[in-house]
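Structure first, commentary second.
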Amino acid sequence: MAIEVNRAIGNSKSNTERFLTVRFVVNCKGMKKKYEYEILAMDKNQIWQREYTMRILHFILDFKLLTINQASLSDTIRMALYQENTELFEKLNYYDDTTFWEPTLFCYFLSDISKENKISLEQSVLGYIEQKNRPLTVTLKADIFGIINLPNWGYLRVQPYGQLQIETAKIKDVILENEYATNTSVRLCLHHSDLLAYEAGVIFDEPIQESLEKNKDNLFAAIHFFQTHLPDFWNVIERVTSEFVVFSSPSYNSFAGIMQHGTAYFNVENKRQTPVFFIDDIAHQCGHIIFNALTLQTDQFLSAPKAHPMQGYTDWPGETRGAYGAFHGLFTYTTILHSLDKVLDLEGVFNEDLRHEALGRMGFYVNKFGYDLQFIHSASILTEAGMDYWKQFAKGFKYIAEKYEARLTKLDYRNQPYMFQYDLFKELNPIQKTVSA
């Protein structure tokens with residue numbers, strides 16, 4: 001059973017407004033219908049030219065390519081879901097890409113977690129099915145803390161790892177509806193996703209809901225920063241990001257990946273983190289989401305396989321990344337420094353301690369960025385298109401390094417582990433010494 005998907009990209013213009021329109025022709029062999037539809041990929045309140053030439057430091061974001069590749073990702077899930085469960089597929093709104101960007105669907109089809117451990121396809125998409133088309137009863141599965149996740153709908157509570165058979169008509173009476181970050185379409189997760197919960201060796205300090213509640217104010221302050229001071233960047237983040245997961249673990253770092261595309265995971269490390277921490281980590285993890293979509297055709301940018309080990313190109317014994325992971329780092333350094341630069345440019349928005357943290361984080365990443373630029377270039381793993389990106393990253397690095405050279409050269413990072421720790425930074429870099437410089 002095959003699905004042929006054809007897309008035509010074109011511009012439509014109405015008076016002074018310009019839009020990017022994506023036209024889909026979905027022709028599923030064996031299906032009784034042929035679906036043709038158009039999706040307006042850019043809403044009328046946004047200006048094409050501004051977003052189309054958006055810069056992140058000196059990196060020019062190809063918004064058209066990002067949009068096309070996001071559409072391709074939804075097509076991939078659309079095809080896989082139809083082939084896996086035609087009856088369920090027929091209950092969904094074929095025309096809505098948001099349904100097929102649901103992160104649990106990426107986990108179901110792309111992760112190596114056994115299907116016995118994942119939530120079912122029916123549970124993943126139940127919240128996307130119109131009420132009249134929902135099954136009479138469903139069987140739902142809870143996570144390790146007894147939270148049943150119903151994406152695009154909300155949560156139910158049962159026993160840890162419990163199963164619940166329930167009439168769908170009764171769910172509305174007991175469900176805890178989804179919460180979204182203020183003035184955004186980004187969900188705030190209360191559950192431990194299958195991708196996180198079944199990762200070997202992961203230990204949790206507390207339920208995700210507790211980690212979120214402790215950090216919600218500062219998470220929202222970081223989001224407000226992006227919305228107010230970097231609105232173009234936030235707009236791109238929101239276009240590719242479906243949900244935030246705030247968790248606490250001593251054994252796993254923050255992350256984002258294609259196996260749960262659209263989800264950004266922030267490890268708060270059993271602390272109440274600051275707005276600057278979240279500015280850093282949102283730029284970092286959502287940067288991964290953006291770059292996964294932007295470089296979907298990886299062989300256009302890499303001359304080596306994605307997993308090609310980089311250990312042989314550096315004298316750092318802890319290097320475990322593959323070629324694609326190292327390439328990703330150049331983009332996320334760019335998004336992080338773009339954001340921290342704005343923090344430090346703003347007068348009267350952040351207090352002295354938060355500005356000191358931002359400077360400390362900036363120096364930490366500048367050191368890593370410069371090192372990675374050099375060894376990735378010497379490894380000769382990039383195509384011509386990949387080198388074009390590398391040159392743009394290098395220009396951004398040069399801009400930041402020159403702008404902050406006088407302040408960064410005085411900072412001491414001898415006590416820093418792999419992930420930046422502000423409390424350790426302050427031990428060697430007291431505020432008064434750095435700020436007065």
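Summed over segment 299-311, the residues that are modelled with pLDDT of 95 or more and part of a helix (DSSP H, G or I) give a count of 2.
Filtering segment 153-175 to residues that are in a strand (DSSP E or B) and either surrounded by 15 or more Cβ atoms within 10 Å (Cβ to Cβ) or within 17 Å of the chain's Cα centre (by Cα) (or both) leaves GLY154, TYR155, LEU156, ARG157, LEU164, ILE166. Inspect segment 351-363 for any residue being without any contact (Cβ under 8 Å) to a residue 40 or more places away in the chain, of a type outside the set (Gly, Ala, Ser) and closer than 20 Å to PRO275 by Cβ and give the result as yes or no. Yes, that holds for at least one residue.
Conditions tested, residue by residue: (1) assigned by TED's automatic domain parsing to the domain that holds ASN69; (2) more than 19 Å from ILE60 (Cα to Cα); (3) of a type in the set (A, V, I, L, M, F, W, C).
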residue: TYR198; (1), (2), (3): no, yes, no
residue: GLY201; (1), (2), (3): no, yes, no
residue: GLN209; (1), (2), (3): no, yes, no
residue: ALA222; (1), (2), (3): no, yes, yes
residue: SER248; (1), (2), (3): no, yes, no
residue: PHE255; (1), (2), (3): no, yes, yes
residue: ALA283; (1), (2), (3): no, no, yes
residue: GLY287; (1), (2), (3): no, no, no
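Scanning segment 129-144 for residues that are within 30 Å of PHE204 (Cβ to Cβ) and not in a loop (DSSP other than H, G, I, E, B) returns VAL138, THR139, LEU140, LYS141, ALA142.
Conditions tested, residue by residue: (1) within 30 Å of PHE327 (Cβ to Cβ); (2) at pLDDT 95 or above.
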| residue | (1), (2) |
| --- | --- |
| GLN49 | yes, no |
| TYR52 | yes, no |
| LEU61 | yes, yes |
| ASN69 | yes, yes |
| SER74 | yes, yes |
| ASN85 | no, yes |
| LEU92 | no, yes |
| TYR108 | yes, yes |
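Suppose the filter is at pLDDT below 95, more than 23 Å from VAL236 (Cβ to Cβ) and touching a strand residue (DSSP E or B) at 6+ places or on another chain (Cβ under 6 Å); does VAL5 pass it? The answer is yes for VAL5. Of the residues making up segment 150-174, just one is over 17 Å from GLU122 (Cβ atoms) and hydroxyl-bearing (Ser, Thr, Tyr), namely TYR161.
The listed residues are ALA200, ALA222, ALA181, ALA142, and the only one of them that is surrounded by fewer than 15 Cβ atoms within 10 Å (Cβ to Cβ) and of a type in the set (A, V, I, L, M) turns out to be ALA200. Of all residues assigned to segment 133-152, at least one qualifies as being among the basic types (Lys, Arg), at negative phi, at pLDDT 95 or above and under 26 Å from the mean Cα position of the chain (by Cα). For segment 393-437, taking the residues that are assigned to a loop (DSSP other than H, G, I, E, B) and charged (D, E, K, R), the one that is modelled with the lowest pLDDT is identified as LYS410. HIS377 fulfils the conditions (1) surrounded by 12 or more Cβ atoms within 10 Å (Cβ to Cβ); (2) under 23 Å from MET54 (Cβ atoms); (3) free of Cβ contacts under 8 Å to residues at least 24 places away in the same chain except for a single criterion, (2).
Residue by residue, here is whether (1) modelled with pLDDT of 95 or more; (2) assigned to a helix (DSSP H, G or I); (3) more than 25 Å from the chain's Cα centre (by Cα); (4) within 23 Å of PHE233 (Cα to Cα) holds:
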{"site": "LYS342", "(1), (2), (3), (4)": "yes, yes, no, yes"}
{"site": "GLY348", "(1), (2), (3), (4)": "no, no, yes, yes"}
{"site": "ASP353", "(1), (2), (3), (4)": "yes, yes, yes, no"}
{"site": "LEU359", "(1), (2), (3), (4)": "yes, yes, no, yes"}
{"site": "GLY363", "(1), (2), (3), (4)": "yes, yes, no, yes"}
{"site": "VAL366", "(1), (2), (3), (4)": "yes, yes, no, yes"}
{"site": "ASP372", "(1), (2), (3), (4)": "yes, yes, no, no"}
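Checking the stated criteria, THR314 turns out to be at pLDDT below 95, farther than 22 Å from GLU357 by Cβ and either crowded, with 18+ Cβ neighbours inside 10 Å or not polar (S, T, N, Q) (or both). In the set (1) among the small types (Gly, Ala, Ser); (2) in contact with a strand residue (DSSP E or B) (Cβ under 6 Å, 6 or more places away or on another chain); (3) surrounded by fewer than 22 Cβ atoms within 10 Å (Cβ to Cβ), the condition left unmet by ALA264 is number (3).
The values are calculated or read from the model by the stated rules, or taken from the named source; none is laboratory data. Since we're looking at a predicted model, the values are computed, not measured. Glycine also receives a Cβ, built like all others from the backbone with ideal geometry; neighbour counts cover every protein chain displayed.
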